[in-house]
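A.B. asks: I am attaching a structure below and will ask some questions about it afterwards.
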Amino acid sequence: MGALSFGAPWNHLRTFYTVHMTTQRKAVALISGGLDSMLAAKMILEQGVHVEGVNFFTGFCVQGHTHAIRARRGDQVTRNNALWVADQLGIKLHIIDVIEDYKHVVLNPKHGYGANLNPCLDCKGFMVQKAREWMERSRFDFIITGEVLGQRPKSQLKRALPVIALESGAGDRLLRPLSAHLLERTLPERLGWVDRDKLGRITGRSRKTQMAMAERYGFTGYAQPAGGCCFLTDSNYSAKLRDLWRVRGERGYEFDDIMLLKVGRHLRPRPNFKLIVARDAGENQFLRGFLKRFTHLYTDSHPGPLALIDGEPSRGEIELAARITARFGQGREARRVRVNVNQRDGRQQVLSVEPLSRKQIPQEWYL
Amino acid sequence: MTRFTLDARNLICPLPVVRTQEKVEHLDSGDELEVLCTDPGALHDIPAWCRIHGHQVVETTERSGDIVVRLRVQKLD
Ligand code: SF4
């Protein structure tokens, strides 16, 4: 290879580099609260880039919620992992409510669902698109994610990653530091905002490399990866959401609907109504926030759960609901249990019922 | 300095933080905001959020069963 000649094109490039290298570049990092996005942000911070995090709240996020609902006195209170990560890295984190906009992703995913109602590929594209919008508003230069090539089915396959970059509109301003060497060069690499040589070549599901990196960076106490980052990957949750759509005759949801699907036992003894029965004091407390919207029952003669009725049961069916509610209280073995029934319009009645036995509750009633 | 209150009761993680963040955006340096919450997670999360954004937590207390986080807004120009 001949010696490089520093003719006109190179001079241009040098001027360009000088201009671009002297301003500190800014990256927005998608922070999920897990280790991968924490490492990705750290790698870029180490290169002298200014990094701020964004975290999108869709309403389906696993962490926090169920723990928050079910936390009882003496339980360890759970933290928000994304905030914890940002705090550890010393970066700002912006938690953004995307509940409304996200509906479209769940209801009409262009690329379909995964094993359950998880529209992962559309979801990633949506999040990167939101990050891109944030980047443009905040005058940042590029986006980083903790995506690892081939780590999860569908959304992290080699052919999926360019789809995310394209559909989000982020294009080559989207950098995945953990797998960068296995992917096309992005703008931040080409312009020298980051040094590609210091980026990763991680692929697959093994987490060994990430754990070794975490150790090197001195990260301890990070959240262990769960099955998925949201409830939509959960088969029980998805079944409850499908049931909701079927019964209402349309696909759609409000924020309260998807919160309630996370809480309590859901039983549908008849097609026209279902019962949501609290499982502990935390859930009782949470369901109390919905008393105005639902006919609700609680046991009066014995300690027991609060139960909400979603639907329009007949009089006889209200008694059935009372017998089910009594089943889950401490009076389950008693001959009769007094159950308070409160209609939405404020009418109250007290029923004395025989609790159903375990055998009288068929498995098919459970959603 | 003006005092403000935010009712984030019956909201669960991360909504108390999201609402705090939205409120603080419209406040000035030196203003104080009292956030009322029922989710105990807010005791970790709001102070963590304040730390990373440079706001100051003045005190965290419990009042009639609610968690109260009082913070002082600090903004760089
Ligand atoms: S698991 Fe949930 S949050 Fe994560 S990519 Fe899939 S749909 Fe999105």
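A.B. asks: Please go through segment A:307-363 and write out the trypsin sites (Lys or Arg not before Pro) that DSSP classes as loop and that have at most 11 other C-beta atoms within 10 Å.
C.D. replies: A:Arg335, A:Arg347
A.B. asks: Something else about it: Mind checking which lysines have their Cα closer than 28 Å to the Cα of A:Lys262? Skip sequence neighbours fewer than 8 apart in that chain.
C.D. replies: By straight Cα distance, A:Lys262 reaches A:Lys103, A:Lys110, A:Lys124, A:Lys130, A:Lys154, A:Lys240, A:Lys274, A:Lys292, A:Lys359, B:Lys23.
A.B. asks: Most mobile of B:Arg51, B:Arg19, B:Arg63 per a Gaussian network model of chain B (Cα springs, under 10 Å)?
C.D. replies: Between B:Arg51, B:Arg19, B:Arg63, it is B:Arg63 that shows the largest mean-square fluctuation.
A.B. asks: Mind telling me which of A:Thr299, A:Thr186, A:Thr23 comes out most flexible in a GNM of chain A, alpha-carbon contacts under 10 Å?
C.D. replies: In the Gaussian network model the winner is A:Thr23.
A.B. asks: When Cβ neighbours within 10 Å are restricted to other protein chains, what is their mean count per residue of peptide A:87-96?
C.D. replies: Across A:87-96, the average partner-chain Cβ count within 10 Å equals 4.
A.B. asks: Can I ask one more? Using unit Cβ charges (K, R positive; D, E negative) and no other charged atoms, how large, in debye to the nearest 20, is the dipole of segment B:3-72 about its Cα centre? Before the final figure, lay out each step's value.
C.D. replies: Numbers: 8 positive and 12 negative charges, 13 e Å.
Using only the charged Cβ atoms, the result is roughly 60 debye.
A.B. asks: Read phi for every residue in segment A:158-164 and hand back ³J(HN,Hα) as whole Hz from Karplus 6.51 cos²θ - 1.76 cosθ + 1.60, θ = phi - 60°, with x for Gly and Pro.
C.D. replies: 4, 6, 7, 4, x, 4, 4
A.B. asks: For chain B, what is the accessible area per residue in Å², given a 1.4 Å probe and the full set of protein chains? Don't skip to the answer; put the middle values down first.
C.D. replies: Numbers: 3810 Å² over 77 residues.
Each residue of chain B exposes 49 Å² on average to a 1.4 Å probe.
A.B. asks: To continue, here is another question. With charges only on Cβ, +1 for K and R and -1 for D and E, what is the dipole size of the protein assembly as shown about its Cα centre, in debye, rounded to 20?
C.D. replies: Once rounded to the nearest 20, the dipole reads 1300 debye.
A.B. asks: Would you please name the trypsin sites (Lys or Arg not before Pro) within segment A:96-129 that are DSSP coil residues with at most 16 other C-beta atoms within 10 Å of their C-beta?
C.D. replies: For trypsin sites (Lys or Arg not before Pro) across segment A:96-129 that sit outside H, G, I, E and B with at most 16 neighbouring Cβ atoms in 10 Å, the list reads A:Lys110.
A.B. asks: Next up: Roughly how big is segment A:263-365's charge dipole about its Cα centre, with Cβ charges of +1 (Lys, Arg) and -1 (Asp, Glu), in debye to the nearest 20?
C.D. replies: Details: 19 positive and 11 negative charges, 16 e Å.
Around 80 debye, computed over segment A:263-365.
A.B. asks: First select every other residue whose beta carbon is under 10 angstrom from the beta carbon of A:Glu167; then total the charges, Lys and Arg +1, Asp and Glu -1. Before the final figure, lay out the partial values.
C.D. replies: Working: positive: A:Lys110, A:Lys124; negative: A:Asp122.
Charge balance in the 10 Å sphere: +1.
A.B. asks: Charges on Cβ only, +1 for Lys and Arg, -1 for Asp and Glu, centred on the Cα centroid of segment A:183-312; of A:Ser301, A:Trp245, A:Met211, which one is farthest towards the dipole's positive end?
C.D. replies: A:Met211
A.B. asks: Count the net charge of all other residues whose Cβ sits under 10 Å from the Cβ of B:Thr5, scoring Lys and Arg as +1 and Asp and Glu as -1.
C.D. replies: With Lys, Arg at +1 and Asp, Glu at -1, the net is 0.
A.B. asks: Which order do you get for A:Ser168, A:Ser32, B:Ser64 if you rank them by accessible area with a 1.4 Å probe, largest at the top?
C.D. replies: Result of the area sort, largest leading: B:Ser64, A:Ser32, A:Ser168.
A.B. asks: Once you mark the GluC sites (Glu not before Pro) that are in a DSSP loop and have at most 16 other Cβ atoms within 10 Å, what is the longest gap between them in chain A?
C.D. replies: Looking at chain A, A:47-183 is the longest stretch - no exposed GluC sites (Glu not before Pro) with at most 16 other Cβ atoms within 10 Å.
The values are calculated or read from the model by the stated rules, or taken from the named source; none is laboratory data. What you see is a predicted model; the values in this text were computed from it and never measured. Cβ: placed from backbone, ideal geometry, glycine included. Neighbour counts: every protein chain shown. Keep in mind that these areas ignore ligands, DNA and RNA; they rest on the heavy atoms of the full protein, side chains included. Shrake-Rupley method; radii C 1.70, N 1.55, O 1.52, S 1.80 Å.
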